[in-house]
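Below: the structure, in structure tokens.
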Amino acid sequence: MGVKKSFSLKNYNTLGLDITAKYFIESSSIDEILGILSQDQYKKERLFIMGGGSNLLFKGDFHGLIIKPGFKDIYIVDDSPNYVYIKCGAGVEWDVFVEYCVDRGWGGIENLSYIPGTVGASPVQNIGAYGTEVKESIALVDYIDIEELSCKSITSEMMNFGYRDSIFKNNLKGRTLITHVTFKLSKFPKFNLSYHDVISKIEDKNENLSLYLVRDIITTIRKNKLPDPSEIGNVGSFFKNPIVDTKIALDIQRENPSLRFFDLENGYSKVPAAWLIDQCGFKGIREGNVGVHKNQALVLVAYSGATWQEVVALSQKIKRSVKNRFNIDIEPEVNIVE
Ligand SMILES: Cc1cc2nc3c(=O)[nH]c(=O)nc-3n(C[C@H](O)[C@H](O)[C@H](O)COP(=O)(O)OP(=O)(O)OC[C@H]3O[C@@H](n4cnc5c(N)ncnc54)[C@H](O)[C@@H]3O)c2cc1C
């Protein structure tokens, strides 16, 4: 496709914000990407790597070069009696990959069904849902080192995975263009059924437990719970669940018995940001062209015509309100691109 100029990102970010990139290219050729990165014209430009744009908040037009990796190949790199190692191109849609693995009876990522975005972004954010994080299934990541203009690999032990966190957001931030991710999946899946709503729906179905069943149930729950970005702009959870000293969580719970928090067993607890935001009265509100989803207080929504300034203003208002009421800082889960 070549590098495009003044490229509209309106259909490339799930908030649907009407912004442009000075230069944009989607490419599935390592040589082409290395060639572009070594050209003087682009060397002086700011660079950003994007996937499906489902976890991005652009603060205005991007005055630089955006590369969207398009690698779409999927192949087995090792096959043993118990496990399969499967390499997947960064540009494959995440849920297409989950379906591909479930269809073949390979377990490990079925709980991550129906999460928007691409395979290449999955290790960056260490995507997670229903008690599973992708770090449990990632073996290796292949990437272009943007500073050295060379191809490298990194194993999962080196990725410093945390809650929605990884080396790609810290030591390697801005340095990597992920081309492929290798997953280690089990041929004898162990199901992770720690969530009550998943278990109860499985019981209702009265069918044999299978990867298909888990995927089907989680997909249905998610479709009912979360707004579809093709209908209303959003990035899923806008804020991370804050981790606080358990004493603080207990103090809040004494005054607010409806609070349910998750003890992390190290003196700290994870408090649901959705509960904090809901208690501050934001659930379902609308201000101009932005608002908070009526069923899910963690999801900020952008209606037609919304601007990035409106999204930022509302998010800051929510953050201030939670701080004033509970003395807890909530931080964005969304990646802010300035
Ligand atoms: C309705 C909805 C529900 C969601 N539910 C969940 C959920 O349950 N759990 C969850 O964890 N997330 C969830 N998300 C957030 C989002 O889907 C994930 O963070 C997803 O991994 C983002 O993928 P993406 O391809 O859109 O990445 P983008 O939003 O384009 O980018 C995200 C980050 O990854 C980097 N990146 C992307 N691709 C590459 C690459 N190839 N190489 C290097 N860096 C790269 C970007 O620079 C950026 O920092 C949800 C979002 C929506 C809209």
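Read-outs: derived from the displayed coordinates by stated rules, not from any lab. Worth saying up front: this structure is predicted, and the values here are computed from it rather than measured. All Cβ positions, even for glycine, are placed from backbone atoms using ideal geometry, and neighbour counts span all protein chains on display.
Please arrange Ile167, Ile218 by how many other C-beta atoms lie within 10 Å of their C-beta, fewest to most.
Lowest to highest Cβ neighbour count: Ile167, Ile218.
Going by C-beta contacts inside 10 Å, put Cys88, Cys151 in order with the fewest on the left.
Ordered by Cβ neighbours within 10 Å, fewest first: Cys151, Cys88.
Could you list, bin by bin from short to long, the percent of Cα-Cα pairs of the range 4-69 in 10 Å steps?
22, 55, 22, 1
With only alpha-carbon atoms in the gyration tensor, what are the semi-axes of the equivalent ellipsoid for the range 100-248, in Å, largest first?
29, 20, 16
Counting other beta carbons within 10 Å of each Cβ, put Asp40, Asp245 in order, fewest first.
Asp40, Asp245
Please give the calculated 222 nm ellipticity per residue for the chain, where each DSSP H segment of at least 4 residues contributes -39500 (n - 2.57) and the sum is spread over every residue; nearest 500 deg cm²/dmol?
Counting only the DSSP helices, I get -7500 deg cm²/dmol.
Per residue Cα convex hull volume for the range 74-186, in cubic angstrom?
94 Å³
So if we plug the beta-carbon distance of Val77 and Glu32 into 1/(1 + (r/R0)^6) with R0 = 25 Å, what FRET efficiency do we get, rounded to 0.05?
Plugging the Cβ-Cβ distance into 1/(1 + (r/R0)^6) gives 0.60.
Give the Kirkwood hydrodynamic radius (Å, one decimal) of the chain, defined as one over the mean of 1/r across all pairs of different Cα atoms.
Kirkwood radius, the chain: 21.2 Å.
Of the candidates Val77, Val134, Val124, which one comes out as most mobile in a Gaussian network treatment of the chain with C-alpha springs shorter than 10 Å?
Its mean-square fluctuation being the largest, the pick is Val77.
Work out how much length Asn256 to Glu203 would gain on full extension: take 0.36 nm times their residue separation and subtract the Cα-Cα distance, in nm to one decimal.
Computed gain between Asn256 and Glu203 is 15.9 nm.
Obtain the radius of gyration and the Kirkwood radius of the range 183-293 from its C-alpha atoms and give Rg over Rh.
Using only Cα positions, Rg/Rh for the range 183-293 is 1.03.
³J(HN,Hα) across the range 8-21 via Karplus (A = 6.51, B = -1.76, C = 1.60, θ = phi - 60°), whole Hz, x for Gly/Pro?
Using θ = phi - 60°, the values come out as 6, 9, 4, 8, 10, 9, 6, 7, x, 6, 8, 9, 10, 10 Hz.
Within the range 6-23, list the residues whose amide N lies under 17 Å from a label point set 7 Å along Cα→Cβ of His63.
In the range 6-23, the label zone of His63 (backbone N under 17 Å from the point 7 Å along Cα→Cβ) covers 6-7, 19-23.
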